[in-house]
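Data block below; observations after.
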Amino acid sequence: MVPDAEFNEEITAFRGLLARAERIVALTGAGISTESGIPDFRSPGGLWTRGIKPITYQDFVASEEARLEDWRRRFRMNEDFAAAKPNAGHLGLARLMQEGKLLALVTQNIDRLHQRSGVPDERLVEIHGNSGEGRCLDCRTSMPLIEVRRIIDATDASPRCACGGLVKAAIVSFGERIPESKLQRANEVAEEADLFLVFGSSLQVQPAATLPLIAKRSGAMLAIINRESTPLDHLAEIAMHRPIGAVFSALYPQLVSEVLGSV
Ligand code: NAD
Ligand code: ZN
């Protein structure tokens, strides 16, 4: 079979799943944002293959040097996030939500591109938080990033809360626990799904690796759209190893021409 015919067949099957479903829940990982120019971690060309190692929670707590480096990276990353635009994947999911088919979106991403494409906060479970503010590690009081920057510029030291605690970006760092309430909410929405969709996650980190299983156990169908294969492909009704943009271009041609037309 020629590749195009195979792709069309996959899209037809995927359309069929979407049409039958009434309670769709989606999980997105770093792969949905690569077409907006934000690199993922594990792909060729991703941050890890370029030798950029994450600063862990333990590093952050132990060392002032690590804290300042973490904040420097954070500010640089936030500039990249602000310059990026939601792509066909983000907009396609927002469209599915507007159509009333997509109940909730669980994301591992911290870039806020789902909000910027029109997904309301109450429908979004950001399991890894987002990098839009700082938060005290002891009393959880938030600190605006503009204040963090002012303190670092004025004192050359990382910010502290009024209570004396360390302030860290409100994301879940490597080595840090995901808040229990977030995990519970992600599990609950996975249980409600009759179709669970995965976009751009290697499904190698928790809880991403478990959420599709929870959905399946509750009777959902599963579709995985990821460039590379994942450990859960064999459980999926559909596993498409395609760029997410190409899939949404085929599903919503008009939407994509609007996006491209506006760039
Ligand atoms: P990952 O880097 O482990 O995997 C991303 C997956 O997406 C890969 O398997 C890759 O094949 C696939 N992919 C990349 N581009 C794609 C495309 N255009 N179409 C289809 N598939 C594509 O990412 P992960 O599993 O999400 O976990 C890494 C963690 O790093 C996440 O939990 C997230 O918190 C964090 N992170 C976030 C961002 C962001 O906010 N945009 C960026 C990098 C990392
Ligand atoms: Zn505090």
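May I ask which residue of Ala250, Phe199, Gly118 lies farthest towards the positive end of the charge dipole of the chain, with charges of +1 (Lys, Arg) and -1 (Asp, Glu) on Cβ and the Cα centre as origin?
With unit charges placed on the Cβ atoms, the residue in question is Gly118.
Kindly sort Arg150, Arg15, Arg135, Arg20 by accessible area of their heavy atoms, largest first, with the probe set to 1.4 Å. Before the final figure, lay out each step's value.
Numbers: Arg150 130, Arg15 110, Arg135 70, Arg20 155 Å².
Final ranking, largest accessible area leading: Arg20, Arg150, Arg15, Arg135.
Please name which of Leu96, Thr12, Ser158 has its Cα lying farthest along the dipole of the chain towards the positive end, using unit charges on Cβ (Lys, Arg +1; Asp, Glu -1) and the Cα centre as origin.
Ser158
Taking θ as phi - 60°, what are the ³J(HN,Hα) couplings along segment 14-27 by the Karplus curve (6.51, -1.76, 1.60), each to the nearest whole Hz, with x for Gly and Pro?
Once rounded to whole Hz, the list reads 5, 4, x, 4, 4, 5, 6, 7, 10, 10, 8, 10, 10, 10.
Please work out the average accessible area per residue across the chain, using the 1.4 Å probe convention, and give it in Å².
Working: 12730 Å² over 263 residues.
Spelled out: the 1.4 Å probe surface of the chain, per residue, equals 48 Å².
If you roll a 1.4 angstrom probe over the protein chains with everything in place, what fraction of the accessible area of the chain belongs to carbon and sulfur, to the nearest %?
Details: 6670 of 12730 Å².
The C+S portion of the solvent-accessible surface of the chain is 52 percent.
Contact order normalised by length for segment 191-242, with contacts defined as Cα pairs under 8 Å and 6 or more residues apart; what percent is it?
Working: 87 pairs, mean separation 20.0, N = 52.
It rounds to 38 percent for segment 191-242.
For the chain, the longest stretch holding no GluC sites (Glu not before Pro) located in a DSSP loop with at most 13 other Cβ atoms within 10 Å is which?
Within the chain, the longest run free of exposed GluC sites (Glu not before Pro) spans 100-227.
Taking 0.36 nm per residue of sequence separation and subtracting the Cα-Cα distance, how much length would be gained by fully extending the chain between Val61 and His241, in nm to one decimal? Provide the component values of the computation, followed by the final result.
Details: separation 180, 0.36 × 180 = 64.80 nm, distance 3.93 nm.
Full extension from Val61 to His241 adds 60.9 nm.
Cα centroids of segment 108-127 and segment 136-198: how far apart, whole angstrom?
15 Å
Can you give the helix-only mean residue ellipticity at 222 nm for the chain, where every DSSP H stretch with n ≥ 4 adds -39500 (n - 2.57) and the sum goes over all residues, rounded to the nearest 500 deg cm²/dmol?
Values: 10 runs with 108 residues, N = 263.
Only helices count here, giving -12500 deg cm²/dmol.
Near the amide H of Val106, under 5 Å away, which other amide H atoms are found, from residues 5 or more places off or on another chain, if H is placed in the peptide plane?
Ala26, Leu27, Thr28, Val125
Which FRET efficiency, nearest 0.05, do Arg76 and Gln98 yield, Cβ-Cβ r, R0 35 Å?
The formula returns an efficiency of 0.55 here.
Cα-Cα over 27 Å: which of Lys53/Lys101; Lys182/Lys216; Lys101/Lys216?
Pairs exceeding 27 Å: Lys53/Lys101.
Give me the net charge of Ala190's neighbourhood, meaning all other residues with Cβ under 13 Å from the Cβ of Ala190; Lys, Arg count +1, Asp, Glu -1. Walk me through the numbers before you get to the answer.
Details: positive: Arg23, Lys182, Arg185, Lys216, Arg217; negative: Glu188, Glu191, Glu192, Asp194.
Cβ neighbours under 13 Å give a net charge of +1.
Enter the per residue convex hull volume of the chain, computed from alpha-carbon coordinates, in Å³ rounded to the nearest integer. Mind showing how you got there, number by number?
Numbers: hull volume 35.3 nm³, N = 263.
Spelled out: Cα convex hull of the chain, divided by residues, is 134 Å³.
For segment 150-263, what does the relative contact order come out to in percent, with C-alpha contacts under 8 Å and a separation of six or more? Please list the in-between numbers first.
Working: 119 pairs, mean separation 18.8, N = 114.
Relative contact order, segment 150-263: 16 percent.
What figure in square angstrom, to the nearest 10, would you give for the accessible area of Val119 with a 1.4 Å probe?
Approximately 10 Å² of Val119 is accessible to the 1.4 Å probe.
Please report the accessible area of His128 (heavy atoms, 1.4 Å probe, ligands and nucleic acids excluded) in Å², nearest 10.
About 40 Å², ignoring ligands and nucleic acids.
Once amide H atoms are built 1.01 Å from N in the peptide plane, which residues 5 or more positions from Gly129, or in another chain, come under 5 Å H to H?
The list, which skips near neighbours in sequence, is Val172.
Counting only the backbone N, which residues of segment 65-89 are under 20 Å from the spot 7 Å out from the Cα of Asp153 toward its beta-carbon?
68-83, by backbone N distance to the label point.
Under 8 Å for C-alpha pairs, at least 6 residues apart: give me the relative contact order for the chain, rounded to a whole percent.
On the way: 419 pairs, mean separation 59.3, N = 263.
It rounds to 23 percent for the chain.
Using the Cα centre as the reference, give the magnitude of the dipole from point charges on the C-beta atoms of the chain (Lys, Arg: +1; Asp, Glu: -1; all else neutral), rounded to the nearest 20 debye. Walk me through the intermediate numbers first.
Details: 30 positive and 34 negative charges, 67 e Å.
Approximately 320 debye in magnitude.
For segment 62-67, what does the Karplus curve 6.51 cos²θ - 1.76 cosθ + 1.60, with θ = phi - 60°, yield as ³J(HN,Hα) per residue in whole Hz, taken in order and with x for Gly and Pro?
7, 9, 5, 4, 5, 5
The values are calculated or read from the model by the stated rules, or taken from the named source; none is laboratory data. Not measured: the values here are computed from a predicted model. All Cβ positions, glycine included, derive from the backbone under ideal geometry; neighbour counts span all protein chains shown. Surface areas here come from the heavy atoms of the whole protein model, side chains and all, with no ligands, DNA or RNA. Shrake-Rupley method; radii C 1.70, N 1.55, O 1.52, S 1.80 Å.
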